[in-house]
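Colleague: Encoded as structure tokens, here's the structure I'll be asking about.
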Amino acid sequence: MSGLLRLGVLLSGSGTNLQALIDTIAAGTLGARITVVISNEPAAQGLVRATQHGIPTVLVPHGAFATRTEFDAKLVEVLRAHDVELVVLAGFMRLVTPVLLGAFPSRVLNIHPALLPAFPGLHAERQALAYGARVTGVTVHFVDEHADHGPIIVQIAVPVLPGDDEARLHARLQRQEHRAYARAIQLIAEGRVRIDGRRVHIDGAAANADDTLASPAFPVPRA
Ligand code: GRF
């Protein structure tokens with residue numbers, strides 16, 4: 001088998017982030033392979049997407065388990081059976097427990113549609129609009145025992161525009177989610193990511209020091 005990083009994707013819904021990973025892998029710009037897609041929701045569109053691309057799917061309905069730890073133990077069993085190295089939460093609407101985190105230490109990722117620690121939890125777009133934020137964004141982070149909390153790998157800032165509603169802002173954020181997730185996973189696949197407490201060091205990758213996003217935009221004086 002090749003040296004491609006083996007991913008297990010966990011989802012509950014539409015799976016556009018899964019689709020973006022599938023497309024990026026197909027385009028040859030992400031050195032990874034999705035060995036299984038797991039959903040807790042039987043109607044998740046993400047299961048259909050996976051099947052259309054020949055990726056094995058497993059349904060693990062959370063309601064069939066008495067406790068979250070029993071549910072997570074089943075997830076671990078399925079992930080191990082598919083030789084998963086990196087667990088990718090992509091719209092997975094369940095809180096994970098130490099059972100999953102202990103089985104894949106520093107090997108569980110999540111994506112969130114805000115610049116954490118701003119607007120954690122559900123309805124991040126609604127929260128950003130209600131707060132009147134002018135810049136929000138997306139965050140890819142390692143998962144720890146607290147929701148939307150672990151060390152941050154990639155963030156992309158996105159402006160909130162006049163006339164935005166939740167759907168419009170969500171669509172703009174999702175385009176960046178799809179870039180951010182592939183980028184974060186590629187950095188891990190290349191062995192360039194190291195966690196140091198809350199901070200994540202990435203070999204040979206940094207932001208451009210003068211990059212900014214002003215919202216509203218205003219002219220930058222030319223030097
Ligand atoms: C994304 O917005 C992600 O940030 C959040 O759940 C959503 C999943 O979207 N965690 P999709 O199912 O990948 O389209």
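FYI, it's all coordinate maths here, none of it is from the lab. Quick caveat: nothing in here was measured; it's all calculated off a predicted structure. Here the Cβ positions follow ideal geometry from the backbone for every residue, glycine too, while neighbour counts run over all protein chains shown.
Colleague: What FRET efficiency comes out for residue 199 versus residue 43 if R0 is 41 angstrom and r is the Cβ-Cβ distance? Round to the nearest 0.05.
Modeller: About 0.55, to the nearest 0.05.
Colleague: Could you pull the Rg and Dmax for region 141-191, using just the Cα atoms, both in Å?
Modeller: 13.4, 42
Colleague: Please list log₁₀ I(q)/I(0) at q = 0.10, 0.18, 0.19 Å⁻¹ for region 74-194, using the Debye equation with identical point scatterers on the alpha-carbon positions.
Modeller: So the normalised log intensities work out to -0.32, -0.92, -1.00.
Colleague: A further question on this structure: Where does region 102-167 land on Rg(C-alpha)/(2.2 N^0.38 Å)?
Modeller: Ratio of Rg to 2.2 N^0.38 Å for region 102-167: 1.19.
Colleague: Separate question: Mind pulling up the Rg/Rh value for region 1-97? Radius of gyration and Kirkwood radius, both on Cα.
Modeller: Radius of gyration relative to Kirkwood radius: 0.96.
Colleague: If N is the number of residues in the chain, what value comes out of its Cα radius of gyration divided by 2.2 N^0.38 Å? Intermediate values should be presented prior to the final figure.
Modeller: Details: Rg = 17.8 Å, N = 223, 2.2 N^0.38 = 17.2 Å.
Normalised Rg, Cα atoms only: 1.04.
Colleague: How large is Rg over Rh for region 136-223, taking Rg from the Cα atoms and Rh as the Kirkwood inverse mean of 1/r across Cα pairs?
Modeller: Result for region 136-223 is an Rg/Rh of 1.02.
Colleague: Ok, one more. What ranking do 143, 135, 88 get, fewest neighbouring Cβ atoms within 10 angstrom at the top?
Modeller: Fewest-to-most ranking of 143, 135, 88: 135, 143, 88.
Colleague: Show that you can apply the helix-only estimate: for the chain, add -39,500 (n - 2.57) for every DSSP H stretch of four or more residues, divide by all residues, and state [θ] at 222 nm to the nearest 500. Write down the numbers at each step before the final one.
Modeller: Working: 6 runs with 71 residues, N = 223.
Estimated from H runs of four or more residues: -10000 deg cm²/dmol.
Colleague: Let me ask something additional. Using the alpha-carbon centroid of each, what span in Å lies between region 22-61 and region 155-197?
Modeller: 19
Colleague: Test of understanding: what is the full-extension gain from residue 206 to residue 73, defined as 0.36 nm times their sequence separation minus their Cα-Cα distance?
Modeller: Details: separation 133, 0.36 × 133 = 47.88 nm, distance 3.71 nm.
Gain on stretching residue 206 to residue 73: 44.2 nm.
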